[in-house]
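Structure first, then comments.
The values are calculated or read from the model by the stated rules, or taken from the named source; none is laboratory data. Since the model is a prediction, treat every value here as computed from it, not as a measurement. Methodologically, a virtual Cβ is constructed for each residue, glycine included, from the backbone with ideal geometry; neighbour enumeration extends over all protein chains shown. Remember, those area values only see protein heavy atoms, side chains included, never the ligands or the DNA or RNA. Shrake-Rupley method; radii C 1.70, N 1.55, O 1.52, S 1.80 Å.
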Amino acid sequence: VFHGRILARRVVGQETRYEVEVKARYRQRFPLVSREYLWVPNTCGCPALGEGGDYLLMATRHVNHEHTLNRILLPEHGYARPWTPREARLVLEAARHC
């Protein structure tokens, strides 16, 4: 779970790749750097993430069986909400209890 700003969007094959500036990490099961690529397995723009927008994102690390692919994946119906101070506060409170 992290707060990210969408810097760019690009369709690559049958997927959408977002370049994301990681602003804050709330729940970190895998390391994130300040700039990451976030992959969505479709080209429809679902979930709709606008360039320049700040979002609260819940993503997973996807590593294939051969360990040749290691990336951050946001499922089509994954958690992606516009970031607000209230959302950030709720996530921090939840992280203390989980």
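Overview of values
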read-out	value
Loop-located GluC sites (Glu not before Pro) in region 8-98 whose Cβ has at most 12 other Cβ within 10 Å (DSSP)	GLU51, GLU66, GLU76
Estimated 222 nm signal from helices in the chain, with DSSP H stretches of n ≥ 4 weighted -39500 (n - 2.57), rounded to 500	-4000 deg cm²/dmol
Rounded percent of accessible protein surface that carbon and sulfur make up, the chain, 1.4 Å probe	52
Where the chain is the region considered: accessible area per residue in Å², 1.4 Å probe	62
The chain: Rg to Rh, with Rh as the Kirkwood radius over Cα pairs	0.96
Residue among PHE2, GLY78, PRO47 farthest towards the positive dipole end of the chain, charges placed on Cβ	PHE2
Cα-centred dipole magnitude for region 23-92, charges only on beta-carbon of K, R (+1) and D, E (-1), debye, nearest 20	360
Degrees between helix 85-97 axis and first principal axis of the chain (Cα, 0 to 90, nearest 10)	80
